[in-house]
Amino acid sequence: MTRKPERSGAALDEVSKAIIEQLQQDGRRSYASIGKVIGLSEAAVRQRVQRLVEHGVMQVVAVTDPLQLGFARQAMIGVTAEGPLVAVGDALAELEEVDYVVVTAGRYDLLVEVVCESDEHLLELISSKIRAIEGVVSTETFMYLSLRKQTYSWGVR
């Protein structure tokens, strides 16, 4: 399982925020072009980005369209659990089909986003893997019919 590094909790300075904003606009933007915009050298931008990644402030990844990669079914699953929620969340995060897990306050204890190759794959995942996790009491599945918006460029404050 890939765990996020521990966050330092320290406030970001304006330079780090500017770098993040540049990468949110285009994650492939070069360090040199970012440096020109914000007034730093390429090496300084590279060091800052490395620190931001190491401290878990951000990650630079390719966002893909699951349909184009052969995953015909995406769903959000609401999970009701008993016992330690973090342990249940960690067990859910171990599943290869799971790409997002969050402990929530409200009707469900956890929300889990999954990508599957088919409806049969989704059924197998829910029946044999998710419901088999110790502490999972029940699930409710919300199958995605049409993705209308997905963005990762909300800026920084």
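Considering only residues that are in a loop (DSSP other than H, G, I, E, B), under 15 Å from the mean Cα position of the chain (by Cα) and among the charged types (D, E, K, R), which ones fall in the stretch 91-121? GLU94, GLU96, GLU97, listed by residue number.
When the stretch 68-90 is filtered for residues that are in a helix (DSSP H, G or I) and among the charged types (D, E, K, R), only ASP90 remains.
The set of residues in the stretch 34-52 that are farther than 15 Å from ALA11 by Cα, among the aliphatic types (A, V, I, L, M) and not in a loop (DSSP other than H, G, I, E, B) comprises ILE34, VAL37, ILE38, ALA43, ALA44, VAL45, VAL49. When the residues of the stretch 27-59 are filtered to those that are under 23 Å from the mean Cα position of the chain (by Cα) and among the aliphatic types (A, V, I, L, M), which remaining residue is surrounded by the most Cβ atoms within 10 Å (Cβ to Cβ)? Among them, the one singled out is VAL49. Are any residues in the stretch 34-52 farther than 16 Å from GLN24 by Cα and of a type outside the set (Gly, Ala, Ser), and if so, which ones? Across the stretch 34-52, the qualifying residues are LYS36, LEU40, GLU42, GLN47, ARG51. Applying the set (1) under 19 Å from SER118 (Cα atoms); (2) surrounded by 14 or more Cβ atoms within 10 Å (Cβ to Cβ) to VAL88 leaves exactly one unmet item: (1). For the stretch 71-90, the count of residues that are under 17 Å from the mean Cα position of the chain (by Cα), within 30 Å of ASP26 (Cα to Cα) and of a type in the set (S, T, N, Q) is nonzero.
Is it the case that GLU97 is among the acidic types (Asp, Glu), without any contact (Cβ under 8 Å) to a residue 40 or more places away in the chain and within 24 Å of THR151 (Cβ to Cβ)? Yes: the conditions hold for GLU97. Check whether at least one residue in the stretch 73-80 is free of Cβ contacts under 8 Å to residues at least 60 places away in the same chain, of a type outside the set (Val, Ile, Thr) and either loosely packed, with under 12 Cβ neighbours inside 10 Å or under 30 Å from SER146 (Cβ atoms) (or both), and report yes or no. Checking the stretch 73-80: not a single residue is free of Cβ contacts under 8 Å to residues at least 60 places away in the same chain, of a type outside the set (Val, Ile, Thr) and either loosely packed, with under 12 Cβ neighbours inside 10 Å or under 30 Å from SER146 (Cβ atoms) (or both). Among the residues examined, LEU110 qualifies as surrounded by 15 or more Cβ atoms within 10 Å (Cβ to Cβ), within 30 Å of LEU23 (Cα to Cα) and not assigned by TED's automatic domain parsing to the domain that holds ILE19. Test GLN24 against the stated conditions and say whether it is outside the structural domain of VAL137 (by TED's automatic domain parsing) and loosely packed, with under 12 Cβ neighbours inside 10 Å. Judged against the criteria, GLN24 is not a match.
The values are calculated or read from the model by the stated rules, or taken from the named source; none is laboratory data. Since the model is a prediction, treat every value here as computed from it, not as a measurement. Please note: Cβ atoms are built from the backbone with ideal geometry, for glycine as well, and neighbour counts cover all protein chains shown.
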